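Notes follow once the structure below has been shown.
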Amino acid sequence: MPQRQSQAAKNCKLIHAQTLKFGFGLDGKLGNAIVDLYSKCGDIDFAWKVFDRLDKRDGSAWNSIMSMYSRFDLPEEVVWVFGLMRNSNTPSNQFTFALVLSACGRLANVGLGREIHSELIKMGFYLNSFCEGSLINMYAKCDCLIDARRVFDGVHKPDTISWTSMIAGYVRVGLPEKALELFKEMQRVGGRPDQVAFVTIITACVSLGRLEDAIDLFAQMPNPNVVAWNVMISGHTKNGFEEEAVSFFRNMNLACVKPTRSTLGSVLSAIANLSALDQGQQVHCEAIKLGLASNVYVGSSLINVYSKCQVMESARKVFDEVDVRNTVLWNAMLGGYAQNNHPLEVMEIFSSMRSFGVKPDEFTYSSVLRAIAWLESLEMGRQLHSFIIKRNLGLNLVVGNALVNMYAKSGDLKDARRQFELIEERDNISWNAIIVGYVHEKDEEEAFRMFQKMIFNGFVPEEVSLSSILSGCANLQALEQGKQVHCFSVKVGLDLNIYAGSSLVDMYSKCGDMEAANNVLSEMPVQTVVSRNALIAGYIQSNNTEEAVYRFQEIQAEGLQPSKITFASILTACSESSRLNLGRQVHCYTLKSGVLHDDVFLGVSLLGMYLRSLSIEDAKKLFLEFPKQRSTVLWTCMISGHAQNGYSDKALWFFREMRSDDALPDQATFTSVLSACSGLAALQDGREVHCLIFHMGFNLDEYTCSALVDMYAKGGDIESSVKVFEEMDSKEDAISWNSMIVGFAKNGYAEDALRIFDQMKHLNVEPDDITFLGVLNACSHGGMVSEGREFFNLMIKYYGIQPRIDHYACMIDLLGRGGYLKEAEEFIDDLPFEPDCGIWATLLSACTVHRDEVRGKRAAEELIVLEPQNSSPYVLLSNIYAASKNWDGVNEVRNSMKERGVRKLPGCSWISVGTKTNLFVAGDKFHPSAGEVRAILKDLTALMREHGYVAIIGSVLDEED
């Protein structure tokens, strides 16, 4: 201990002073004893001063100096002093040789060791037990196990040191089985292993993964020291037995063995893998008591625990309290923020690290590149890449993998692939990064090719690459390829892996094969919440909400804790009015579980559930419960929810409130509010939003501009719509072209819509189902029946797009408007599904226009069966009868409506004046300005009659209440 050593040095100087005072000098044994005393006190300067003044230096004085350097772990100085001793012709003894052989072992200087071995033989020290043990130790540390074993086998009765040295030698060169055999032989012949021997052999067992043998040997140790406890704790942690490692730590405390920093580091690593926050906090308290909390090694381990438990505030507190921070500690903090997706904090820590002059290493750059990948900041990534090249780390494997990931996640697959090809010694992480990148950017075909190339190059895919490629199969709904990957996962033994197994469940669910998804889940040894979530999402996608709800209840019944994803998925199943009560119950459950507390993700899911269920008041109450500084996502959810449910005026109100709350709109916000403007045909509001879009720089965003095109078109301002479309810098996605095509079609510009479609094809933009819906609408409104038939066939045969019910309805409308009612009827009869209300309503409208009483009656009857309380088919059929003077038919329809209690809903219209939207309903006498409105209408009607307007009186049910 430093204090005792310092006191001993003072005492030594007092004794030395007394010898000089009494005039004894430094002759004989007294001088040698003083040299030895200074050496053992670690006072190198005084040891040498006394040594230089000795009248006669014998072997013991030289040995004292060499022993001093040996204790300071300075083997080079030991060899140097031995050379001086040889040159002085001072004879060596067994202690001299033992010290020099120990230094040779530490320096791995087998050449000098062999020379000493020869001298031992010449001088007759060969059979000395002290020298034999030193020779065995020297050869073992120099990895010359054959020579060590030859000496060992020549020893008549090896002592404990010889046994231990030989066992340690076998462990050192990677022959733990030989070490175990020798240890058993030692016990068989009656040798008594000491603490070092036990620790050495236990280490060998741990390296072999034979933890049970290690536990048996540990149990045989009398009073295990801290090193033995450390080996057991770290061994169990490294082999994945974290709970057992924590148990050993507890037993160590019970045995009153004081932990070291290595102990705390190992047990904290186990706790981090378990994400056991409570246990981590307990060890943190113990570290504080031991004065080790500010130690760099313990501090980095604590940061790792808090990072894995997602408590970054505590991790940062530990970091700030460590006095001396090395690169490892900085990396721990960077890695923690990177793992928890806090990219801005990563950049802040990296900046501080550089300002403190700490030199970054490959792990530093790996974390920073991961943060840049999360930010998708390609320019920042390129700048850092340049800096990495200047530091000559560009070809480092860890950095190379991180660069591939950064470029891929930032959308630059070309540079990601180039960086991947530059890596000479690729590992699984390299392949995973490029495969994940291709899947992330929806280039599944190239991902499949890289996956095959990975296998061809002799790499066995692990759970990350398998999960990524299965995600690609799910995206493409490529069931057959998914099954092939499943077979491969069985072959490599990963089908039961939690991560890969959950991806298999997800793949089969998204491909609609719920039976296979269930089979995979049932075979998994551990059915986690993640795998259950995939199954629930699959059932919801398949519209089997009953089974989804049952699976959710199953999670609760088995005592598993639903995650945020579980709640979000099941809330999607509760989006119908009939399941609103279940949705409210799930809401209560999230509150009791504590997972809803200020959680935006779950908040959006709950708001969406209430809005889709038309429970507007519940949505508003929940929204108001969130903190006043509400996020953009929450505001956008309220705006889009109201717009999608027909409450466009409310959506605009929420947008104005959002602006007054200083929340910044994003792409999704603008798209939603423009949809609300479209629903109200509120051009003035739309123009104001357009100005804001321009000022915030979203005028360069393709999706926002597409929404602007749609808004102006639906408001009847086709010129502004065209202007926005032509000013768009990027029109790579079909959505912008679709908006223009549909805009032209709805406003009666059929030829312009088809012209835009031709431009789209010329620029190789792939049309989708919405494109053809717009084109067919254009043909329908333009009376282009033959062209419409051609486009419908082109969609199916050339582009492979399967028609939706909307496409079929559009074709019926096209044929009906053109007067091809018989063909339209036959088209309906040949549909591959049962026609819905929209199909029959389209035919009925066409029959009304062309006064086809027979087909009109059939269409109306079909509609009445599907929607008995809808007044529209009655009205339209009545109008058909009235047009052909079939008054009996008119009376029959009127009586049928009365018998069934069907009432015609009055027509309504609205107009926006300032910020207020005024709604007018036919026959409404309660509007505050009803008198003024009627007066103006009277004047307008008179003016219209002067210009030749004649009222149509054929629609006899128009005055029905």
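In table form, for the structure just shown:
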| read-out | value |
| --- | --- |
| Tabulated pairs, the range 489-513, first more than 17 Å from GLY472 (Cβ to Cβ), second open to solvent by 50 Å² or more (accessible area, probe 1.4 Å), C-beta under 6 angstrom, 6+ apart or interchain | VAL492/VAL460; LEU496/PRO525; ASN497/GLU463; ILE498/VAL526 |
| Contacts under 6 angstrom Cβ, first residue in the range 454-467 being without any contact (Cβ under 8 Å) to a residue 60 or more places away in the chain, partner part of a loop (DSSP other than H, G, I, E, B) and surrounded by fewer than 13 Cβ atoms within 10 Å (Cβ to Cβ), 6 or more apart | none |
| Pick from the range 475-503, criterion surrounded by fewer than 21 Cβ atoms within 10 Å (Cβ to Cβ) and under 20 Å from the mean Cα position of the chain (by Cα), ranking: farthest from LEU521 (Cα to Cα) | ASN475 |
| Close pairs from the range 932-946: first without any contact (Cβ under 8 Å) to a residue 60 or more places away in the chain, partner surrounded by 11 or more Cβ atoms within 10 Å (Cβ to Cβ), Cβ under 7 Å, at least 6 apart | VAL933/HIS927 |
| Test: residue in the range 848-869 that is open to solvent by 70 Å² or more (accessible area, probe 1.4 Å), closer than 30 Å to PHE757 by Cα and at pLDDT 80 or above | yes |
| Qualifying residue in the range 511-534 (condition: modelled with pLDDT of 85 or more, charged (D, E, K, R), within 22 Å of SER430 (Cβ to Cβ) and surrounded by fewer than 17 Cβ atoms within 10 Å (Cβ to Cβ)) | no |
| Subset of the range 584-637 (residues that are under 28 Å from the mean Cα position of the chain (by Cα), part of a loop (DSSP other than H, G, I, E, B) and within 15 Å of ALA573 (Cβ to Cβ)) | none |
| Selection count, the range 44-61, where residues are open to solvent by 10 Å² or more (accessible area, probe 1.4 Å) and part of a helix (DSSP H, G or I) | 9 |
| Options GLU823, GLU787; residue that is under 23 Å from GLY856 (Cα atoms) and open to solvent by 60 Å² or more (accessible area, probe 1.4 Å) | GLU823 |
| Lone unmet requirement of (1) farther than 23 Å from LEU384 by Cα; (2) surrounded by fewer than 22 Cβ atoms within 10 Å (Cβ to Cβ); (3) hydrophobic (A, V, I, L, M, F, W, C) for ILE429 | (1) |
| Positions within the range 655-671 being of a type in the set (S, T, N, Q), open to solvent by 10 Å² or more (accessible area, probe 1.4 Å) and under 15 Å from MET696 (Cβ atoms), in sequence order | GLN667, THR671 |
| From the options VAL328, VAL324, VAL298, residue that is over 23 Å from GLU376 (Cα atoms) and outside any helix (DSSP H, G or I) | VAL324 |
| Residues of the range 601-629 satisfying the condition of being surrounded by fewer than 21 Cβ atoms within 10 Å (Cβ to Cβ) and within 22 Å of ASP685 (Cβ to Cβ) | ILE616, LYS620, PHE623 |
| Verdict on TYR550 being assigned to a helix (DSSP H, G or I) and open to solvent by 30 Å² or more (accessible area, probe 1.4 Å) | yes |
| Among (1) of a type in the set (Gly, Ala, Ser); (2) farther than 26 Å from SER247 by Cα; (3) in a loop (DSSP other than H, G, I, E, B) - the single one GLY209 does not satisfy | (2) |
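Residues are listed down the side, and each one gets a yes or a no for (1) surrounded by fewer than 24 Cβ atoms within 10 Å (Cβ to Cβ); (2) over 22 Å from SER678 (Cβ atoms); (3) at pLDDT 90 or above; (4) not hydroxyl-bearing (Ser, Thr, Tyr):
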site: GLY743; (1), (2), (3), (4): no, no, yes, yes
site: ALA750; (1), (2), (3), (4): yes, no, yes, yes
site: ASP758; (1), (2), (3), (4): yes, yes, yes, yes
site: THR771; (1), (2), (3), (4): no, no, yes, no
site: HIS781; (1), (2), (3), (4): yes, no, no, yes
site: PHE792; (1), (2), (3), (4): yes, yes, yes, yes
site: LYS797; (1), (2), (3), (4): yes, yes, no, yes
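The values are calculated or read from the model by the stated rules, or taken from the named source; none is laboratory data. In this text the structure is predicted, and so the values were computed from the model without any measurement. Every residue, glycine as well, gets a Cβ built from its backbone with ideal geometry; the counts of neighbours run over all protein chains shown. Heads up: the accessible areas ignore ligands, DNA and RNA and are worked out on the full protein's heavy atoms, side chains in. Shrake-Rupley method; radii C 1.70, N 1.55, O 1.52, S 1.80 Å.
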